[in-house]
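Working notes, structure below.
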Amino acid sequence: MSVSRRAVLGAGAAAVPVLSAGTAWGAPDAGLRATDPGAYISFTSGAFSLVGAPVVVSADDHPGVVRVAGDLRDDIARVTGVRPAATIARRAVLVGTIGRSPLIDGLVASGKLDVTGIRGRWETSLQTVVDHPVPGVDQAFVIAGSDPRGTIFGVYDVSYGIGVSPWYWWDDVPPVHRDQVWVRPGRHTQGTPAVRYRGFFLNDENPALGTWAPSYFGPGKAPGYPGGFNADFYAKVFEVLLRLKGNYLWPAVWGRAFAEDDPENHRRAAQYGVVMGTSHEAPMMRGIEEWNRHASGGTDPHGGTGEWSYLRNAEAIRAYWRAGIQRMVDQGFEGVVTLGMRGNGDTGLPDGDGIELMREIIAAQRQIIEEVTGRPAAETPQVWTLYKEVQRYWDRGLRAPDDVTVVLTDDNWGNIRKHPSPQEPRAGGHGLYYHFDYVGAGRNYKWVDTANLRNVWDQLHQAHAYGNHGLWVANVGDLKGNELPTEFFLDYAWNPDRLPFDRLGEWERGYARQNFGAAVADGTAELLARYGQLQARRKPELLNRRITLSDTGQVVYDDLQTPFFFGHRELERVTEEWQELARRAARIARRLPAAVQDAWFELVGYEVTATANLYALRAAEFTNLLYARQGRAATNARADAAEAGLATDLALADRFNSQVADGKWRGFQTQPHIDYGDVDRYGPNAPWQQPEKDNVALPDVLFPAVRRIEVPEAAGLGVSVDPDGGSMTLPPFSPYQTRPQQCLEVFNRGRTSFDYRVEASVPWLVVDRPRGRVAEQVRVEVRVDWSRAPAGRGEGTLTVRGAGESVTVECVAEQPPARGLRGFVEAGGYVAIDAEHYDRAVGGWRRLDGIGRTGAGMTAWPVTGGRGDSPDSWPRLEYEVSLLSAGEVTAWAYLSPRNPALPTGAGLHYALSFDDEEPQRVDITAGADDGLLNAVWARNTSDNVNRTATRHTLAPGVHRLTFWSVDPTVVLQRLILDTGGLTPTYLGPLESRRL
């Protein structure tokens, strides 16, 4: 059967078949080649040249398919400078949907196009070159989809392959110009997505999106509408969502009502082919803002009336819900209906958490769905999201009907709270709600991307391994700023098997190459990986507070203490790591052409440079507070440096707002990130809520405030040890220390400089700068000449003289016999071990490079291995350690802050032992059993580590330390043995020497 030119451009089409909710997805047929994105595109040679070929689509196809053909024309023009026509020619690109496009159906009927392995699947596409497809056409490149979104994804895969970034508009990424663009021979497909619904949630959108969007997209459509979040805005959101192969959106909610802010919004979603949902707090296709706008007056027949309480206002609430489902039916958009009910304002239900009430609510909602649609409820996709307190219903035995997709969640900080149980299969399957942005305890994090892809991979891999494939949605905040984790999340949801852990670096290189070019791809990928690990140590918003626990278990915020410590030079080390990262970013930026500079700044440069500056600012700020207590002459210079850092922060934001892309993003970089925690200014929620007043974000200021002191004219000697000055005793020296030197600082308490000298009482104490002149301060490094030091314990002093004064510093050297020492050796009263440096691994283990705050993590493998009955069945890691002292040893395990997500429940356990003693079993979730907004959880997630301890009595000598993974999903980062000399650190001391 042949297809005429008229049939190519017109004629009706049958409805496309789609899979039902319970359909299983499989691999493509053997004749197809599943490819990485755009892998069939070549810039040198191939079977079909895209340059000059028209892009043709049937007008009777889905509106989203007709529209995306226009995007492909635009994309080819962006890359080649030649815009394709839309009418048929001897060589053409043919775009269409099986069962909906007469063009594609004609090719299938004539035997020119084999759609085996494509037809009837969910969102699957085929790209192939066909010779003589129809009379008058010599050759065609065909992009055929199993359904409209399959076609759309197939088209955007071509766009990706020719070099158009999904972020071309959102981050002003220019493609590389190509004179030639070819399609390689063969039949290509990206396969069928592993997760049925994949998308993101625009959330916490104030002040960034909420400031920028009204300015860019114009004023409100109706009185009271805040502006900006209209159909033109959402068109840009829908496009990038589809370019990323996502299909599902939760729209912005805070002060926004998707359906009301612009009546065109739902219709635009339908035109693009995007599935709409509503968040966990907004049931029955109604945004909670719709209720808030009408609750008091009840003037809108679709609005709410009265109190948001099902117990006290059920009739009004049911009418409100009915209107939401009726609107979905009347407007004909595709939606997934949220069931259940939470309190107004993203809180717990004010009616209490009784199971019978929630069962009644869900039953009433499903009855409404059936009455309005005229079909069984199971034919309308529905979700019930177990967010925060809602998970308690499930844990107490409440189950949604079997066709409902049960969405499991993380703890808002990237740690999944529950996995599906193989013993409870569901026709509706399970879903995942995950966070890259959050408002709440221990603190909001909304400013820049803080996701570590290694951690994200681990959690998504677990979800996939436990059979969670129904619906995945990520909270991406303002979207812009979280591009990298958003793209990774949706890529992984499409095909987890294509992204094993070992390919993460390859994925990052592809991301860098797509956005900045091949020349800098390797360096940028390494930079992004390091950035993610450094950011995952602690959110930038938390840098001015350390969360501790009181004796009663309550959260305590220490106002005047940076989370990184002065001891062990920790604050200095972490600050320098960020400065080096910023220098690396600057070197890459200098290699980029001018056309790419805006994209670089938006996607990499700003977040790296601004975060590095924030670390330098905090280092200066907290050093200033320390110096002020010590009366140092350098105090005020540190205050100046902190305030200069604030000025730099504001200047970087101003560059983003006014210079990038000729001011396109004016008002976007307005998220507070420095002034958190001032209760006097911002009230009782200040420990976690962003600093705002009258709902307008204030300019960032320093909290705690820097101090300035009056510095006398006369010189005054001061000495500080390592460098907090709390004691005039250096930490013990040992030949087995990782860092052989200690330091002290000689400082001035006045404005007149003076000469100093350092005198050692014993010949084995060596000082690098024994004399000199002090204007403000001088750092002196001290080491031990072990060839002259006594065996065993040696004691000595350093006397610092200057400005007519002297200070004595006590020193101790510990030189034990070297014979018989093996493994990690105690020094300074501790042993520090990085998890990956084990001597023996028994059972299945996987090393996850970069997942830890300082290095790799070790996790039992596979993650579905289950809990063993006895130590004989537990995977274990063995480490050899040499202890030099006898007595009680506290063994600290530093683990990723996971939740008891396993279907077995009952905590999350490891065990630890020395030699042949009985393993001590530890539940790392004890005290935070529901993983929900309690003190232990707030500390662990803010520190991004779970620290627990066991105690052992040991003799000096060589010991075998064994870490047992009782449960899978435990990730071990470090082991620290405190033999009596461990001093406070945030990351733990540097790893001990290993013999």
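The values are calculated or read from the model by the stated rules, or taken from the named source; none is laboratory data. Note that the coordinates shown come from a computational prediction; the quantities given were computed from them, not determined experimentally. Here the Cβ is made from the backbone with ideal geometry for all residues, glycine too, and neighbour counts use every protein chain on show.
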**Asked** Can you name the condition, by its number, that Tyr682 falls short on among (1) of a type in the set (Ser, Thr, Tyr); (2) farther than 23 Å from Glu572 by Cα; (3) surrounded by fewer than 18 Cβ atoms within 10 Å (Cβ to Cβ)?
**Response** (3)
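Can you confirm whether Arg530 is at pLDDT 95 or above, among the basic types (Lys, Arg), over 17 Å from the mean Cα position of the chain (by Cα) and in a helix (DSSP H, G or I)?
Working: at pLDDT 95 or above: yes; among the basic types (Lys, Arg): yes; over 17 Å from the mean Cα position of the chain (by Cα): no; in a helix (DSSP H, G or I): yes.
So Arg530 fails the test.
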**Prompt:** Name the pairs: first residue in the stretch 280-309 and closer than 22 Å to Phe229 by Cβ, second residue surrounded by fewer than 20 Cβ atoms within 10 Å (Cβ to Cβ) and modelled with pLDDT under 70, Cβ to Cβ under 6 Å, at least 6 apart or on different chains?
**Reply:** His294/Asp300
**Message:** Restricting to the stretch 957-994, name every residue that is modelled with pLDDT of 95 or more, closer than 22 Å to Gln741 by Cα and β-branched (Val, Ile, Thr).
**Reply:** Ile976, Thr979
**Asked** With respect to Asp943, is the statement that it is among the charged types (D, E, K, R), touching a strand residue (DSSP E or B) at 6+ places or on another chain (Cβ under 8 Å) and within 26 Å of Ala463 (Cα to Cα) true?
**Response** yes
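Residues checked against (1) over 22 Å from the mean Cα position of the chain (by Cα); (2) closer than 19 Å to Pro593 by Cα:
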residue: Pro166; (1), (2): no, no
residue: Val176; (1), (2): yes, yes
residue: Gln180; (1), (2): yes, no
residue: Arg184; (1), (2): yes, no
residue: Arg187; (1), (2): yes, no
residue: Val195; (1), (2): no, no
residue: Phe200; (1), (2): no, no
residue: Glu205; (1), (2): no, no
residue: Trp212; (1), (2): yes, no
**Asked** Is it fair to say Thr116 is out of contact with any Phe, Trp or Tyr (no Cβ under 8 Å at 6 or more places or on another chain), closer than 14 Å to Ala69 by Cα and β-branched (Val, Ile, Thr)?
**Response** no
**Request:** Inspect the stretch 545-558 for any residue being at pLDDT below 95, touching a Gly at 6+ places or on another chain (Cβ under 6 Å) and part of a loop (DSSP other than H, G, I, E, B) and give the result as yes or no.
**Result:** yes
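Would you call Asn230 under 22 Å from Gln271 (Cβ atoms) and not β-branched (Val, Ile, Thr)?
Yes.
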**Message:** If a residue counts only when it is not assigned by TED's automatic domain parsing to the domain that holds Val881, which strands (runs of 3 or more DSSP E) contained entirely in the stretch 780-838 have at least 2 such residues?
**Reply:** 792-802, 805-815
**Prompt:** Within the stretch 495-503, is even one residue surrounded by fewer than 23 Cβ atoms within 10 Å (Cβ to Cβ) and either assigned to a strand (DSSP E or B) or among the polar types (S, T, N, Q) (or both)?
**Reply:** yes
**Request:** Name the one entry in Val889, Val881 that is under 20 Å from Gly988 (Cβ atoms), touching a Ser or Thr at 6+ places or on another chain (Cβ under 6 Å) and in contact (Cβ under 8 Å) with a residue 40 or more places away in the chain.
**Result:** Val889
**Asked** Does any residue of the stretch 953-967 turn out to be of a type in the set (Phe, Trp, Tyr) and under 29 Å from the mean Cα position of the chain (by Cα)?
**Response** yes
**Prompt:** Condition test on Val762, is it part of a strand (DSSP E or B) and either touching a residue at least 40 places away in the same chain (Cβ under 8 Å) or surrounded by 14 or more Cβ atoms within 10 Å (Cβ to Cβ) (or both)?
**Reply:** no
**Prompt:** How many residues are assigned to a loop (DSSP other than H, G, I, E, B) and of a type in the set (Phe, Trp, Tyr) when one looks only at the stretch 88-141?
**Reply:** 1
**Request:** State the number of residues belonging to the stretch 570-588 that are buried (at least 19 other Cβ atoms within 10 Å of the Cβ) and either assigned by TED's automatic domain parsing to the domain that holds Pro175 or more than 22 Å from the chain's Cα centre (by Cα) (or both).
**Result:** 3
**Prompt:** Within the group Asp157, Asp171, which residue is under 18 Å from Ala493 (Cβ atoms) and among the acidic types (Asp, Glu)?
**Reply:** Asp157
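For (1) modelled with pLDDT of 95 or more; (2) in the same structural domain as Ile362 (by TED's automatic domain parsing); (3) closer than 30 Å to Lys236 by Cβ, each residue gets a yes or a no:
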| residue | (1), (2), (3) |
| --- | --- |
| Asp395 | no, yes, no |
| Asn415 | yes, yes, no |
| Tyr445 | yes, no, yes |
| His461 | yes, yes, no |
| Trp472 | yes, yes, yes |
| Asp478 | yes, yes, yes |
| Glu487 | yes, yes, yes |
| Gly510 | yes, yes, yes |
**Tabulated pairs, the stretch 599-622, first within 14 Å of Arg573 (Cα to Cα), second modelled with pLDDT under 95, C-beta under 7 angstrom, 6+ apart or interchain** = Arg618/Leu543; Arg618/Asn544; Arg618/Thr562; Ala619/Leu571
**Request:** Might you check whether a residue that is of a type in the set (Lys, Arg), part of a loop (DSSP other than H, G, I, E, B) and outside the structural domain of Gly154 (by TED's automatic domain parsing) occurs anywhere in the stretch 231-250?
**Result:** yes
**Prompt:** Name the residues in the stretch 877-914 that are part of a loop (DSSP other than H, G, I, E, B) and of a type in the set (D, E, K, R), would you?
**Reply:** Arg898
**Prompt:** Would a scan of the stretch 92-114 turn up a residue that is under 19 Å from Asp61 (Cα atoms), surrounded by 24 or more Cβ atoms within 10 Å (Cβ to Cβ), in the same structural domain as Arg184 (by TED's automatic domain parsing) and polar (S, T, N, Q)?
**Reply:** yes
**Complete:** Going through the stretch 421-443 in order, the residues found to be crowded, with 21+ Cβ neighbours inside 10 Å and either more than 30 Å from Pro540 (Cβ to Cβ) or at pLDDT 95 or above (or both) are Gly428, Gly429, His430, Gly431, Leu432, Tyr433, Tyr434, His435, Phe436, Asp437, Tyr438
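Here is a yes/no grid of residues against (1) touching a helix residue (DSSP H, G or I) at 6+ places or on another chain (Cβ under 6 Å); (2) of a type in the set (S, T, N, Q); (3) within 28 Å of Gly823 (Cβ to Cβ); (4) outside the structural domain of Pro422 (by TED's automatic domain parsing):
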| position | (1), (2), (3), (4) |
| --- | --- |
| Pro862 | no, no, no, yes |
| Gly865 | no, no, yes, yes |
| Glu880 | no, no, yes, yes |
| Glu888 | no, no, yes, yes |
| Ser896 | no, yes, yes, yes |
| Asn899 | no, yes, no, yes |
| Val922 | no, no, yes, yes |
**Request:** Show the residue pairs that are 6+ apart or on different chains and have beta-carbon atoms under 8 Å apart, the first residue being within the stretch 341-352 and more than 17 Å from Val253 (Cβ to Cβ), the second being of a type in the set (Gly, Ala, Ser) and not in a loop (DSSP other than H, G, I, E, B).
**Result:** Leu349/Gly343; Pro350/Gly343
**Asked** How many residues does the stretch 235-269 hold that are touching a helix residue (DSSP H, G or I) at 6+ places or on another chain (Cβ under 6 Å), among the aromatic types (Phe, Trp, Tyr) and more than 17 Å from Val473 (Cα to Cα)?
**Response** 1
**Fill in**
Over the stretch 124-164, the set of residues among the β-branched types (Val, Ile, Thr), under 15 Å from Arg187 (Cα atoms) and more than 32 Å from the chain's Cα centre (by Cα) is Thr128, Val129, Val130, Val142, Ile143
